[in-house]
1. What single numbered condition from (1) within 12 Å of another protein chain (Cβ to nearest Cβ); (2) over 30 Å from the mean Cα position of the chain (by Cα); (3) outside any helix (DSSP H, G or I) fails to hold for residue D:215?
2. Can residue B:83 be described as farther than 29 Å from residue B:265 by Cβ, under 23 Å from the mean Cα position of the chain (by Cα) and assigned by TED's automatic domain parsing to the domain that holds residue B:268?
3. Here are B:177, B:261, B:181: which of them is out of contact with any helix residue (DSSP H, G or I) (no Cβ under 6 Å at 6 or more places or on another chain) and either at negative phi or without any contact (Cβ under 8 Å) to a residue 60 or more places away in the chain (or both)?
4. Would you say residue A:109 is touching a helix residue (DSSP H, G or I) at 6+ places or on another chain (Cβ under 9 Å), at pLDDT below 95 and more than 14 Å from every other protein chain (Cβ to nearest Cβ)?
5. Check residue A:66 against each of (1) touching a strand residue (DSSP E or B) at 6+ places or on another chain (Cβ under 9 Å); (2) closer than 25 Å to residue A:262 by Cβ and name the one condition it does not meet.
6. Out of C:222, C:288, report the one residue that is more than 22 Å from residue C:67 (Cβ to Cβ), touching a strand residue (DSSP E or B) at 6+ places or on another chain (Cβ under 8 Å) and outside the structural domain of residue C:172 (by TED's automatic domain parsing).
7. Are any residues in segment D:316-327 touching a residue at least 40 places away in the same chain (Cβ under 8 Å) and at the interface with another protein chain (Cβ under 7 Å from one of its Cβ atoms), and if so, which ones?
8. How about segment C:145-175: which of its residues are more than 23 Å from residue D:274 (Cβ to Cβ) and not in a helix (DSSP H, G or I)?
């Protein structure tokens, strides 16, 4: 394809919470750039490293054998410095020094805010790639890392089901999702959970306890309740309400950070590969200030602002299906 | 929802090659039926069992704790008897005897032909659910079992990459897909393979060997070539061509039937749950003679005939991406 | 072998915390008994079910396809009733009613106390099989479930390492082991952890913090500290001490009940098979009041009392090796 | 510990077929050496690299984050050059040039022959560490890589059981083991196989077929027969004999090279760590010309010659147990 933007060297960084598949996305960016004759600078520790000038040239062989690695070899970090115009100006200075004329930012909406400011204040071409396990980004059906996090949480739920069934216990399991219930609903449906609680659909705890009680009256001797991290009131309150209403002991399991790591599943590697390629080709085609996602298996471009001003709701169909099938 | 079709008792069977997630689909059919006040008859060994009258009533507790099991508890088999009008008439007789007035068939296009004939010749309401690892069914983005088969094959490729890289060897890996390259392309892209060969895109073997040689000239010391089972000429011919053209030894690995089994991944359990529910609700709404699939995360109904008369092509974008990123 | 004890029908139960491989042990008991011409009664919910008379005859086909299942199909429970002589007398009555003349108890030292009392007070022949993830039983190199729990915890640590390395963070990870550090030491050594804390080797928290600081001074940017559940003072205190002494944020991850479930690894299935067979053959040979374990790959019989009066220490070699190799 | 041998710099190489855990062993060698004040030279591609002088200094940070990686970062290869005295003399020359005064060789008995010749002909101190998936080395209960290979093969057998049970089929599964049946027996016992065939215990094929037929007569509708790679006559002959004697179709599955790769299980990482440490400390203590293994959880030293002149038999107990429990 034609290099409409006249690019010669682009930068790439990963930012925000790490997500399985970020390495695959970096690999795709580096190799696509190389394929189209561009050089690539790898920036370490996200905007923090951009601010500090912590970067180096990387080539296709440097990203060999990382497609299957969890985490991010470019590292990631929060950046206080990037919150100030001075901090961003210094980052822009480093980019000019390194002769970087385009940037790919892999991360979530917080990272895209940082990218947006860089583009606006300093005129750099920037494209975003959605990398976050929470799947809470508008403009893409799925984010990189989401499917792996779902599998990790589901594996844990399968294990808890084994022990829960053997002891005829009730487990309340907290999965990740500070503002969104995507992981919770997918895991609940796939794990055959008796109830699922997500921030997007709050309900009275008495109703939750009743669901569990009814499920036991129908002959179920163990139950699993999935709670998204960000559910109002918190996971312990859910467990207490169940105990109070059913008289049954409950066990709480907080899955936590294990959901961030691990070898990415095929879906995340493929999505990362496709979107990493697309981000570079979008820069070549002259695009900027957008995240590239995938909707209905087609590339989809949305302005950075929409990733934090618009919301992607959880699937009502899956939410209902999870509840119906736990009967 | 209203029971427009006046159904009281439905049957369910799994047919053709087994696929991970079939149990989740059976569970969804049984529980959705129960939720809507219908009884369910579970038919064993596909159309073979329908012909033989090998069936029993099953309820919501009978499908407890199977959502995570590979294979199919209803068993599956090829049926010679079903190829004849007499055989099908006998199956219809059994259905009438059991007072079954609707049927859900979980399987591939061969199974839908059998379902189609039953519907046409004997007036039964039948809905199909796409269950096959090959993902080669028109009318649905994905089939139940496909994502699990991809993960199983990918895990094997990751392992082969470990040993291939240590010995600096070339591996030619055959994955399933008698007529379709969906698994091959997904695994190649996710596994970082150097080349992928699918029946839909045949190419001269000399070109394949050249790709491998060039990849070695770029500094790669090991290579993986993914070949779909149904690739013209076969996997051994590919290996021979590479050896002849590069002078390098190659190892062939046929992954085979392990790709059929195993705990289904979340995606397959969720798809099976959603489509199992949808098939029952379609029967209730008066639909028949169709497969229900999912396209762009929406339910999609296609007449049985289209599942074998129309083709779903492999993704050209992913095919190209796999090749570009192996640079 | 000869049936020296003149047995005709034996019982089997699982008791205490469930452990992966208990199903494999039950299968081995049932099939070995069948092989030697004995009938088997499966008792549900441990001593609770024995007290309640909750049992049934089971045969070789009833234990088909369970060797790979986590949890225990016979269920398990705590039993208040069994703490009283009256409760145990009632259980003995049920055994006589069912004509059970030998019993295999699969569990930990608490379960063996219950078995011991039954043998002493009511003259039943009882053999014990060590089933507990903690590996804290004297008289056997390993307990059934231990190796699976180690793999589950190690998989979690590998995942935490991915995210810890990406964010350059310190993780404090609590693994199971209320009184014993076997899991902790094995996981620390296999996971390349920077420090491991077990109840058998308490040390000042300041020293722990110093180890972490030194490891960072040697260039490590992320650290993992493994803490056994029963470590004096608890996991949170460890994390606080590290933060106070290094000035670095720490994240705590409590792995919890996921370590109890899951498909057993080969080692646990094999050990369960060998010991299940051995327990039945010990009853046939006239033994009673003992646990059968494996030491140096040979069967080893110890009186029940020794399982709670004697201690098995953690491996000093592995403990030292874990620390030396984290340099 | 005291450096009795006056060592200052040691070399390490991996040789023969790669095995999961070799990286953990290399890490242990490097870090133990560093702990005791020694420098380490990493030699690439086994004796081939030693012959070619393909080596470099490596330190503790170079082996960070490899304990969990399959394969070997030092690479491995067959070496024609090492078969000649001239070839070995050239290797010795390189070692002298690099001032290497001790060597750790990680591999199987073929590798130990090469090590033995180097020690004898050129007076180098050499210690061996048993790294091979086949577990066929005298002098150690287990070899590094064996337990991971067993898990990989067992996972495949679990998957085949899923599809075999669904289709009521007979599967004949070939696992690795050119001269030894350790993997086959462990997998057969853990996988609940109906029959297992190992080179150490040949039997008439008619008897095998009869076992399968009898197992079907007892009500089993699917069967799994495990065959070690080196079984006389080969796997296909086994399958044909079963088909001819039972009239049932059989499917053959050759698991092949996937058994070599993958993240090592805890057991292999721990064994590799312990033996890597022990090999270096043995050199320091003045030992040479031996392999260090583990017997009954204690270090065990055997002269190199015994690794190929003495045999380790398969476990008769496990072999019998596998057959008894398949009843």
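1. That leaves (3) as the condition not met.
2. Values: farther than 29 Å from residue B:265 by Cβ: yes; under 23 Å from the mean Cα position of the chain (by Cα): yes; assigned by TED's automatic domain parsing to the domain that holds residue B:268: yes.
Judged against the criteria, residue B:83 is a match.
3. Working: B:177 fails: out of contact with any helix residue (DSSP H, G or I) (no Cβ under 6 Å at 6 or more places or on another chain); B:261 fails: out of contact with any helix residue (DSSP H, G or I) (no Cβ under 6 Å at 6 or more places or on another chain).
Answer to the selection: B:181.
4. For residue A:109, the condition - touching a helix residue (DSSP H, G or I) at 6+ places or on another chain (Cβ under 9 Å), at pLDDT below 95 and more than 14 Å from every other protein chain (Cβ to nearest Cβ) - is not met.
5. Every condition holds for residue A:66 apart from (1).
6. On the way: C:222 fails: outside the structural domain of residue C:172 (by TED's automatic domain parsing).
Of the residues listed, the single one that is more than 22 Å from residue C:67 (Cβ to Cβ), touching a strand residue (DSSP E or B) at 6+ places or on another chain (Cβ under 8 Å) and outside the structural domain of residue C:172 (by TED's automatic domain parsing) is C:288.
7. At the first step, the residues of segment D:316-327 found to be touching a residue at least 40 places away in the same chain (Cβ under 8 Å) are D:318-319, D:321-323, D:325-327.
Residues satisfying the conditions are D:318, D:321, D:325, D:327.
8. Kept after step one, since they are more than 23 Å from residue D:274 (Cβ to Cβ), are these residues of segment C:145-175: C:159-160, C:162-172, C:174.
C:168, C:169, C:170, C:171, C:172, C:174 - these are the residues of segment C:145-175 that are more than 23 Å from residue D:274 (Cβ to Cβ) and not in a helix (DSSP H, G or I).
The values are calculated or read from the model by the stated rules, or taken from the named source; none is laboratory data. All values reported here derive from a predicted model rather than from experimental measurement. Positions of Cβ are backbone-derived with ideal geometry, glycine not excepted, and every protein chain shown enters the neighbour counts.
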